[in-house]
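Okay, so here's the structure we're looking at.
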Amino acid sequence: MKTEPEKTRRTRRSGSARDAKLAARQQTDTGSVVWPGLSSGTFKPLSEHEVVRIHQSALDVLENIGMADATPDLLERALAAGCSVNEHGRLSMPRGFVEDIIAGAASEYVLCGRQEHHDLQIGGDRVHFSTCGEAVRTLDPGSKEYRPSTLQDVYDFARLADALDHIHMFAQTVISNELSDDTMLHDVNVAYALMSGTTKHAAIAVMDAGSVDAVFEMAHIFAGGQEAFRKRPFFSVGQCPVVSPLKYGEENTDALTRAILYGAPVEFAVVPQSGATGPAALAGNLVLSTAEALAGLVLVNLVKKGHPASVGNWPFVSDLRTGAFSGGSGEEAIMSAAAAQIINHYNLPSHTAAGMTDSKLPDAQAGYEKGITNVLAGAAGCNLVHESAGMLGSLMCCSFDAMVIDNDMLGAVQRTLRGIEVSDESLSIDVIRDVALGPGHFLGQSQTLELMETEYLYPSIASRETYDEWTAGGACDAQTAAAAAARKILNSHYPAANDPIADTAVRERFDIRLSKDDMQAHGRLWRENGST
């Protein structure tokens, strides 16, 4: 039987079991029930043999079919590194070359927050959850009517996520429709809103490659200089450099290349959609997405070998009756998990999309679709699960209510990832003996009281009241409760992310459209009807 080549059999370096137990104990000692970077990866939808077959098939695709439309800069770098142009004018990547790229790529890196307690160690089997989306519409608290998203929404979603514990980083959720005709102005203002709205790591997908210089100039001002930013890059750029099937996109390739040169971590994603821009066969779409993800990895490492980057393997799924994207399907859930498993197999930092739903409102359909996809991606050990909170309508809308509900859901998902700690103490033989021979219940037992806040996670939105208590309190459903919670946060939580002097300098340098009044509690008030 053919064995896997040594170069691709890379061990996940995530620390020993003892290290994991020590980390869990340290977190428990601080009173945390769940925390960013919980270890996972026990769910493996593909056998090891199947992963190898997909890998080998992806290498075949890159060597024998190749990538179209490589930019002149990328083509020059690739040819100098041993690639060639085939008879179809496509960039052919030899198997050994791609395997060398995998072996030399960064296996771990840190995503820095504005505050160190928000730093995320990306890689190994650590799991984190993030927003993402770039939707064009917004759903206000308590509303059922979509409206075009605005720059103010970019900022408001950032500060809402900043207050939600189970969302670990903030990637851009919506676009600014009122500025979209001027892509440079749009990108600069979205970057400003992201940097101002959260102290967690923030990421943008620029519309214009020419914006990259400006957004990093802004980041340098907020960081206190270029060198200070390079030491703690709290802001990053994520792009989709591949247009499926098997073409490089010029604008996104150039944007990613520029971002790498600024020293910040980058993310790239590939999104072939089954039956549309990718094969209808799920395994075939995994082959295509893996090949395209490796093509993105080649791009990053030809620009700068070992540059910190997470590999976004996002094979999307279609409803083949209509050809429409289906983000909440069972097929999407298993494909996202498998995609993460494949990237983890290479010992590369992974990210994928989960938490997507085709429902138009934060209802039961949204709940089960988001829950299934986030659980499977997390259990597969995906390092960064994007789209995990807030998105509705097949990624066309972001909802304040959904983001709050999803935060509850992500807490529960993370509790499943933490698992069950088995030790002499937790096996509880003495406790069982004392209670069985004594009071006959564990309610007042000292262990029960000690573990209330460290072993058990309690939801903020989900109701655990009795029916009578629930009706007496107004019979509030999940969206209504989430709308109230979202309004409370939006009316009070304004992160002081930026130094005022640096903020003034940025406003003098750039045409910033967010008014200072709209970034303070007295400036805007969210009311029960969703208006401000």
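Read-outs: derived from the displayed coordinates by stated rules, not from any lab. Please read all numbers here as calculations on a predicted model, not as lab measurements. With ideal geometry, Cβ positions are generated from the backbone for all residues, glycine too; neighbour counts draw on all protein chains shown.
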- [ ] Please identify every one of the trypsin sites (Lys or Arg not before Pro) in region 452-489 that sits in a loop by DSSP and has no more than 15 other beta carbons within 10 Å of its own beta carbon.
- [x] R464
Open item on the list: Under a crude label model (7 Å from the Cα following the beta-carbon direction), how far is A283 from D363 in nanometres?
Closed with: 3.8 nm
- [ ] With runs of 4+ DSSP H residues as the only contributors, calculate the mean residue ellipticity of the chain at 222 nm using -39,500 (n - 2.57) per run, divided by the residue total and rounded to the nearest 500.
- [x] -13000 deg cm²/dmol
- [ ] Using R₀ = 51 Å, calculate the FRET efficiency as 1/(1 + (r/R₀)^6) where r is the Cβ-Cβ separation of L443 and E250; round to 0.05.
- [x] 0.20
Task: For a label point 7 Å along the Cα-to-beta-carbon line of D511, residues of region 172-198 with backbone N under 17 Å - done: 176-193
Open item on the list: Among the complete DSSP H segments of the chain, which ones combine at least 15 Å of alpha-carbon extent along their axis with a mean Kyte-Doolittle hydropathy of -0.5 or more?
Closed with: 151-162, 183-197, 212-223, 250-261, 282-303, 330-345, 364-379, 400-418, 478-490
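What does the charge count around I260 come to, taking other residues whose C-beta lies under 14 Å from its C-beta (Lys +1, Arg +1, Asp -1, Glu -1)?
Working: positive: R77, R230, R258, K304, K305; negative: D73, D213, D254, E267.
Its environment carries a net charge of +1.
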Task: region 107-417, relative contact order [Cα under 8 Å, separation at least 6], % - done: 20 percent
Task: Total formal charge among the other residues, if their Cβ is under 10 angstrom from that of E455, Lys/Arg +1 and Asp/Glu -1 - done: -1
Task: Within region 158-242: Cβ-based charge dipole about Cα centre, in debye rounded to nearest 20 (Lys, Arg +1; Asp, Glu -1) - done: 460 debye
Open item on the list: How would region 362-482 be classified by its alpha-carbon gyration tensor: rounded, prolate or oblate, with rounded meaning a/c under 1.5 and the a/b versus b/c comparison settling the rest?
Closed with: oblate
Task: Convex hull of Cα atoms in region 107-417, direction-averaged projection (nm²) - done: 13.9 nm²
- [ ] Considering the options S446, G419, G355, tell which one lies farthest towards the positive end of the dipole of the chain, charges being +1 on Lys and Arg and -1 on Asp and Glu at the Cβ, about the Cα centre.
- [x] G419
TODO: Please find the FRET efficiency linking T454 to T504, where r is the Cβ-Cβ separation and R0 is fixed at 30 Å, and quote it to the nearest 0.05.
DONE: 0.10
Open item on the list: For Cα pairs less than 8 Å apart in space and 6+ apart in sequence, what is the mean separation divided by the residue count of the chain, i.e. the relative contact order in percent?
Closed with: 20 percent
Open item on the list: Once you keep just the Cα pairs under 8 angstrom separated by 6 or more residues, what percentage relative contact order results for region 381-469?
Closed with: 26 percent
Task: Proxy reagent accessibility, fewest Cβ within 10 Å first, across W470, W314 - done: W470, W314
TODO: Taking Cα Rg over 2.2 N^0.38 Å as the quantity of interest, determine which of (i) 1.69; (ii) 0.99; (iii) 1.15 was computed from the displayed structure.
DONE: (ii)
TODO: Find me the longest stretch of the chain that has none of the exposed GluC sites (Glu not before Pro), where exposed means in a DSSP loop (not H, G, I, E or B) with at most 11 other Cβ atoms within 10 Å.
DONE: 146-424
